[in-house]
1. Show the residue pairs that are 6+ apart or on different chains and have beta-carbon atoms under 9 Å apart, the first residue being within region 57-68 and exposed (fewer than 12 other Cβ atoms within 10 Å of the Cβ), the second being not in a strand (DSSP E or B).
2. Among Gly284, Gly296, Gly300, which is the only one that is in the same structural domain as Leu115 (by TED's automatic domain parsing), touching a helix residue (DSSP H, G or I) at 6+ places or on another chain (Cβ under 7 Å), at pLDDT below 95 and surrounded by fewer than 20 Cβ atoms within 10 Å (Cβ to Cβ)?
3. Surrounded by 16 or more Cβ atoms within 10 Å (Cβ to Cβ), of a type in the set (Lys, Arg) and free of Cβ contacts under 8 Å to residues at least 40 places away in the same chain - does that describe any residue in region 213-223?
4. From the list Ile170, Ile151, pick out the single residue that is in contact (Cβ under 8 Å) with a residue 24 or more places away in the chain, surrounded by 15 or more Cβ atoms within 10 Å (Cβ to Cβ) and β-branched (Val, Ile, Thr).
5. If you check Gln141, Gln123, which single one turns out to be in contact with a Phe, Trp or Tyr (Cβ under 9 Å, 6 or more places away or on another chain), in a strand (DSSP E or B) and polar (S, T, N, Q)?
6. Anything in region 258-275 that is surrounded by fewer than 21 Cβ atoms within 10 Å (Cβ to Cβ) and in a strand (DSSP E or B)? List them, or say none.
7. Among the residues that make up region 129-148, is at least one of them in contact with a strand residue (DSSP E or B) (Cβ under 9 Å, 6 or more places away or on another chain) and exposed (fewer than 14 other Cβ atoms within 10 Å of the Cβ)?
8. Spot the failing condition for Asn94; the list is (1) surrounded by fewer than 18 Cβ atoms within 10 Å (Cβ to Cβ); (2) closer than 29 Å to Gln188 by Cα, and only one is missed.
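The values are calculated or read from the model by the stated rules, or taken from the named source; none is laboratory data. Model, not experiment: these values are computed from the prediction. So basically every Cβ, Gly included, is an ideal-geometry build from the backbone, and we count neighbours across all protein chains shown.
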Amino acid sequence: MHNWLLPEYIEDVLPAEAARIEALRRTLLDLFKVHGYQYVIPPMLEYMESLITGVGHDLDLATFKVVDQLTGRLMGVRADMTPQAARIDAHLLNQQGITRLCYAGSVLRTKPDGLAHTREPLQLGAELYGHAGVASDIEIQRLLIKALQAIGINQVHMDFSHVNIFGSLIEASQIAPQLEQDLYAALQSKDQSAVASLAHGLDKITREALIHLTALNGDKTILTKAAQVLPATPAIQAALASLSKVSAALDDLGVSVSFDLSELRGYHYHSGIVFAAYAQGYKGPLALGGRYDEVGQAFGRARPATGFSLDLRGIVTALPPASRTMAIFAPASDHKTIGDDKSLSAKIDALRAEGHIVVQALAVSEARDDNLSHEKLNHDELNCTKKLEHYNSGWHVVNIEKS
């Protein structure tokens, strides 16, 4: 067995790609900051109760579990940072007004998923707590679109749904939990015949509404059609009105919008509008989000909440290959001529202060036993296209001539 092999779907990120991911991470966190979102760093490990309470069975299955050697309690390696942000808002910050939080860090999942098909996504997200109106949904969605545009993805497509449409139908008909789960699965696969069969024993209004949901997907005209074929209950009318408002609020950002009212992603913990962002060149959603007003209740304080998260490692997989940043090669300090040595150090410091990458040779040659000189070896391997040369009583940046 090779000692350098990594587990399946776990991989290193090499310098050029790592540099791009880190630059984009900083760009997005700066974007979140100027919109008022405070950065938090939750721990990698928590007790299982904190990590999965209120967010459904799926997250439990996705979480690696370990036993705490100090307490004997079961702990989990975070598979999603959203519940951690909800815990921080509800239990640690304990603010009464609106709280905006953002985060960025690796999460670990038992099975590969997402755009990069990895078990270690780099999750970035923004969450807004303390506001129940559609205005906060719109703020989060607009922030997501700006984040994707900041990455360089301009042709964004947003797909919306609202879990209260299905939820209100279930609640009104007092459908048993097992039938609810079966209907949920059939709607997710848009299997109209399965929905019709499962809903056979329900009242006519509910049965027909559930069947209609399988076909209610498309552009904004779907909302008009939904208002015509679904029961005109207060919950459904409010859901359709909210979807209409968020669609109109995104017009100036140049995104396309669609609706899929049978899409119930995160149904077990979402409580309102849910959405996904797509773009050409990607096989799946770039980001997921929605409202989850009840998750904070597990931490002693239910707070209105909405947010989104994305996997930055996954998003960069469809971007053009990263190019290495060009550097300037500087000779080693010889410590023989003190004046020249100080002026070389000063020139290097000045270039680095301007943001240039300057790689200085070491005084002791580490050239390999081949025909390459030490300087030539560094030029090639360190990606240096320019170098510092001393002439006219000073150090100057010149192009490296290709041999």
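1. His57/His268; Val67/Arg73
2. Matching residue, one of Gly284, Gly296, Gly300: Gly300.
3. Scanning region 213-223 turns up no residue that is surrounded by 16 or more Cβ atoms within 10 Å (Cβ to Cβ), of a type in the set (Lys, Arg) and free of Cβ contacts under 8 Å to residues at least 40 places away in the same chain.
4. Details: Ile170 fails: in contact (Cβ under 8 Å) with a residue 24 or more places away in the chain.
Result: Ile151 is the single residue among Ile170, Ile151 that is in contact (Cβ under 8 Å) with a residue 24 or more places away in the chain, surrounded by 15 or more Cβ atoms within 10 Å (Cβ to Cβ) and β-branched (Val, Ile, Thr).
5. Working: Gln141 fails: in a strand (DSSP E or B).
Exactly one of Gln141, Gln123 is in contact with a Phe, Trp or Tyr (Cβ under 9 Å, 6 or more places away or on another chain), in a strand (DSSP E or B) and polar (S, T, N, Q), namely Gln123.
6. Within region 258-275, Ser258, Asp260 meet the criteria.
7. no
8. It fails just one condition, (2).
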